[in-house]
Structure formats: structure tokens, C-alpha cells
1. Listed residues 104, 11; which is free of Cβ contacts under 8 Å to residues at least 40 places away in the same chain, part of a strand (DSSP E or B), surrounded by 13 or more Cβ atoms within 10 Å (Cβ to Cβ) and at negative phi?
2. Quick check: is even one residue across the stretch 48-61 touching a helix residue (DSSP H, G or I) at 6+ places or on another chain (Cβ under 7 Å) and under 22 Å from residue 120 (Cβ atoms)?
3. Failed condition for residue 55, given (1) more than 12 Å from the chain's Cα centre (by Cα); (2) within 22 Å of residue 114 (Cα to Cα); (3) at pLDDT 95 or above, with all others met?
4. Go through (1) more than 22 Å from residue 92 (Cα to Cα); (2) exposed (fewer than 13 other Cβ atoms within 10 Å of the Cβ); (3) free of Cβ contacts under 8 Å to residues at least 24 places away in the same chain for residue 35 and report which single condition fails.
5. For the stretch 75-99, which positions are surrounded by 13 or more Cβ atoms within 10 Å (Cβ to Cβ), touching a residue at least 40 places away in the same chain (Cβ under 8 Å) and in contact with a strand residue (DSSP E or B) (Cβ under 7 Å, 6 or more places away or on another chain)?
6. Name every residue in the stretch 58-99 that is over 13 Å from residue 117 (Cβ atoms) and part of a loop (DSSP other than H, G, I, E, B), in order of residue number.
């Protein structure tokens, strides 16, 4: 799990099947020692895990990705302890869920995701 070690949830909003999170990335996390030492970048797999863990927090369940139907990394995310990132998750379904997510800050979109999840 990355929550509380790699990132922290600062705020959660709920509007039906849409959840909005404000998160901060811990720029001192050890992953940045190797990814990359002179220009740290958030690994893509960490972004996917962060989205899933935020969603798990509000559902109070554990999930796994079944299929990434559409996943577009628009810009790299650089860790900045002074910058907050917003994650918006919208879901449909019961047994298997279709999750649409966007990670952004201000006017910059970093990733858009459409994925199928199942409860584990």
C-alpha cells in the first residue's frame, strides 16, 4: 500500500458515484532515489495504485484491476511537497466496476483512465 507512505489524502468529496480527492505526494519517498535521482518522476504504476487506493478508501473494499481499457499519461508527475493533486473517480456497476479517473492539478491533466475493477 502506498497510502500514508507515498501519498496522503487531504480531502474527500462525494457526489453520488463520483468521488473527488485532494492528495499530496511525499517528495521524500524512497522511490525517488532511483526514479530518478536528479529528476524525480512519479512512476506510472504508482499513479495507478494511488487511484485504486483512493477508491478503496471510500468503498471500504479491496479491488484489483481486471483491464485497463484506456490509460493515457499526458504529462509526467514531478513530486512537489507544496503542490496538491486532484483525483476524480466516477464508477458504474456492481460485480465488476467500470472506473473512470482523472489526475490533475490546476489546469494540468496528468492521466486519464478507464478501467475495469473487481472486488477481491
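1. 104
2. No; the residues of the stretch 48-61 include none that is touching a helix residue (DSSP H, G or I) at 6+ places or on another chain (Cβ under 7 Å) and under 22 Å from residue 120 (Cβ atoms).
3. (1)
4. Among (1) more than 22 Å from residue 92 (Cα to Cα); (2) exposed (fewer than 13 other Cβ atoms within 10 Å of the Cβ); (3) free of Cβ contacts under 8 Å to residues at least 24 places away in the same chain, the lone unmet condition for residue 35 is (2).
5. 77, 79, 83, 84, 85, 86, 87, 88, 89, 90, 91, 99
6. 60, 74, 75, 76, 77, 78, 79, 80, 81, 82, 83 - these are the residues of the stretch 58-99 that are over 13 Å from residue 117 (Cβ atoms) and part of a loop (DSSP other than H, G, I, E, B).
The values are calculated or read from the model by the stated rules, or taken from the named source; none is laboratory data. Not measured: the values here are computed from a predicted model. All Cβ positions, even for glycine, are placed from backbone atoms using ideal geometry, and neighbour counts span all protein chains on display.
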